[in-house]
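Just passing along the structure, written as structure tokens.
The values are calculated or read from the model by the stated rules, or taken from the named source; none is laboratory data. Since the model is a prediction, treat every value here as computed from it, not as a measurement. Note that each Cβ is placed from the backbone with ideal geometry, even for glycine, and that neighbours are counted across all protein chains shown.
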Amino acid sequence: MNKNAIVLLLILVFSNFSYGQEDSTKNFFPIWSYHQKNINIHGISIGLGTMRFIPRITNTNGLKIELIGTGIFMPLAFSGILAESDAEFNQLLIDPKSEIINGLSLSTLGTSCECITNGVSIGTIGQYNFQVNGFSFSSYNAAQIHNGFQLGFVSGSYKSKGLQLSLLANSSYDFRGMQLALINFSVEQKGIQLGLVNVSKKLKGIQIGLWNVNQKRRLPIFNWNFE
């Protein structure tokens, strides 16, 4: 095979990766910017950072890297970033998601994105994902939906299944599993709270800590409700 034939073959192969066939979605391999809209990146997606409510309809299968990120603002916005009612949460469910990451998401300062991460999401200062299925870590770590292991200095979610482990505090509206921190709070919970102070408005499980509060009673050391 001569050189011209090889060059032509390479052009055909990479054009197949770079352009969608019947729709507007383009495919890129092995590295591209996630700032472009309506694309699939197979390999490494890279960019400066992400912002909430800017839908790009971007999918990364592999590794996503945010060189800077917007997580530095998360400590200021953390208390108001999660849904506060089922109506607000249900609206977020139907809103378009900015990105889907299947693999590993890394951000220097942390991400703030209506993203769905299937795998691992890590940011240093703060991060917000719409949904994480797997493991996430950040100092201020928030997700509307979290299935798996959520780790941070402060962690928050609207709906969770799995383990919330934080140095200072955990909070969740609807939690299934174990919360472990100095302060644990849930509106509804099935499982275990283990910490210095544990509060659940509607608990089906046990609480172990210095002070424990649920819908039935307030007790030191050990509390429970199975109704």
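Could you grab me the full set of residues in segment 78-94 that are more than 19 Å from SER186 (Cα to Cα) and touching a residue at least 40 places away in the same chain (Cβ under 8 Å)?
LEU92
Which residue out of VAL154, VAL199 is outside the structural domain of ALA143 (by TED's automatic domain parsing) and within 24 Å of GLY80 (Cα to Cα)? Walk me through how you get there before you give the answer.
Details: VAL154 fails: outside the structural domain of ALA143 (by TED's automatic domain parsing).
Matching residue, one of VAL154, VAL199: VAL199.
Check SER79, SER33 and return the single one that is small (Gly, Ala, Ser), farther than 22 Å from ILE125 by Cβ, in the same structural domain as TYR128 (by TED's automatic domain parsing) and surrounded by fewer than 16 Cβ atoms within 10 Å (Cβ to Cβ). Write out each step before concluding.
On the way: SER79 fails: farther than 22 Å from ILE125 by Cβ.
From the options SER79, SER33, the qualifying one is SER33.
Something else: Return the residue satisfying two criteria in turn: it lies in segment 50-69 and is on the phi > 0 side of the Ramachandran plot and either not in a strand (DSSP E or B) or not assigned by TED's automatic domain parsing to the domain that holds SER121 (or both), and of such residues it is modelled with the highest pLDDT. Steps first, please.
Taking segment 50-69 first, the residues on the phi > 0 side of the Ramachandran plot are 53, 57, 62, 69.
Narrowing the set further to residues that are either not in a strand (DSSP E or B) or not assigned by TED's automatic domain parsing to the domain that holds SER121 (or both) leaves 53, 57, 69.
Numbers: PHE53: 74, ILE57: 87, GLY69: 94.
Selected residue: GLY69.
Still on this structure: Quick check, is ASN90 surrounded by fewer than 17 Cβ atoms within 10 Å (Cβ to Cβ) and on the phi > 0 side of the Ramachandran plot? Show your work before the answer.
Details: surrounded by fewer than 17 Cβ atoms within 10 Å (Cβ to Cβ): yes; on the phi > 0 side of the Ramachandran plot: no.
In short, no.
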